[in-house]
1. On full extension of the chain, what length is gained from ASP86 through ARG37, given 0.36 nm per residue of separation minus the C-alpha to C-alpha distance?
2. Could you calculate the FRET efficiency of ILE73 with LEU8 from 1/(1 + (r/R0)^6), where r is the beta carbon distance between them and R0 is 25 Å, rounded to 0.05?
3. How would TYR62, TYR33 line up from fewest to most surrounding beta-carbon atoms within 10 angstrom?
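Read-outs: derived from the displayed coordinates by stated rules, not from any lab. Here the structure is a predicted model, which means the values were calculated and not measured. Cβ placement follows ideal geometry from the backbone for every residue including glycine, while neighbour counts extend to all protein chains displayed.
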Amino acid sequence: MNAYAPILGLILLAAVFAVGSVAFSVVAGPKRYNRARLDSYECGIEPTPQPVGGGRFPVKYYLTAMTFIIFDIEIIFLYPWAVRFDHLGLFGFVAMVTFIFLITVPFIYEWRRGGLDWD
């Protein structure tokens with residue numbers, strides 16, 4: 001248990017700092033609320049009215065974000081594989097070809113369906 005004491009102490013210190021910062025901002029922050037302060041800010045332009053229920057957000061934004069995350073994960077797996085390629089042998093090569101295939105098939109599907117085309 002002594003080996004974990006510094007880690008637990010750091011977690012406790014981080015939690016105290018986070019909770020203390022939020023509590024201090026509530027106590028010390030300004031309390032002057034008005035309509036202009038509570039309204040959303042859009043680069044100095046009057047905010048556009050939102051439809052009832054918030055309106056629909058285009059799904060293409062989510063698809064682009066998910067594609068970006070998938071490629072990040074692919075790079076995270078490819079880098080250590082490339083560093084240790086000579087020690088992994090045929091099994092490592094087959095595993096990585098399978099992984100790249102499993103990543104490429106949904107990407108091609110999204111591309112063919114027009115998920116990457118911006119109107």
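1. Once the chain is fully extended between ASP86 and ARG37, it gains 11.6 nm.
2. Result of the calculation: an efficiency of 0.25.
3. The fewest-first ordering by Cβ neighbours comes to TYR33, TYR62.
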